[in-house]
Amino acid sequence: AAPPMPGRAVAGAPSEEKSLDDDVEKVMKAADATNALLKYCEKEGKDLFVAAQFCSYTTQASLSRNAFGSWTWRGRHQGQKVVAGLKYEVRMSTNEYSNEYYAIDIFKPWQTKKLPVVTGVRTLQTTHNLVLPASR
């Protein structure tokens, strides 16, 4: 197989990291992503924060078996509901001097009136302190 052309995403691969824009702001608001992060921090016994700060995000086209199902995949799992959509991985921090940050996974279905939903929140580590856009 030929290598991907420069500047073009590989099919099925996550996009390049992106900065905050109107698209992700709307998706985060509709999915109530910041509240999901707050609940995750409370559950994990993490220090509560005054305001989580956006770091970056990626997107990836996806097929997901879930309650959004609007068409049926004819294959090994025949009859299961499958929906196409866009997966967002939003990275946020609660402390610009920490090497810990959070990934919020959001699924936004295509061709449906369903709202985006948070499908997971997890803690990630970096080997260096984060430099958030607001502190640059």
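None of the figures in this text is laboratory data; all of them are computed from the coordinates on show. From a predicted model like this one, the values you see are computed outputs, not experimental measurements. Glycine also receives a Cβ, built like all others from the backbone with ideal geometry; neighbour counts cover every protein chain displayed.
What is the calculated FRET efficiency for TYR97 to LYS26, with r their C-beta to C-beta distance and R₀ = 25 Å, to the nearest 0.05?
0.25
Between ALA61 and ASP47, full extension at 0.36 nm per residue minus the direct alpha carbon distance yields a gain of 1.7 nm.
Between LEU124 and LYS39, the simple spin-label model (points 7 angstrom out along Cα→Cβ) gives 2.2 nm.
Between TRP110 and GLU17, the contour length at 0.36 nm per residue exceeds the Cα-Cα span by 31.3 nm.
Straight-distance candidates among the lysines for linking to LYS87, with alpha-carbon spacing under 22 Å and chain neighbours fewer than 8 residues away dropped: LYS18, LYS26, LYS29, LYS39, LYS108, LYS113, LYS114.
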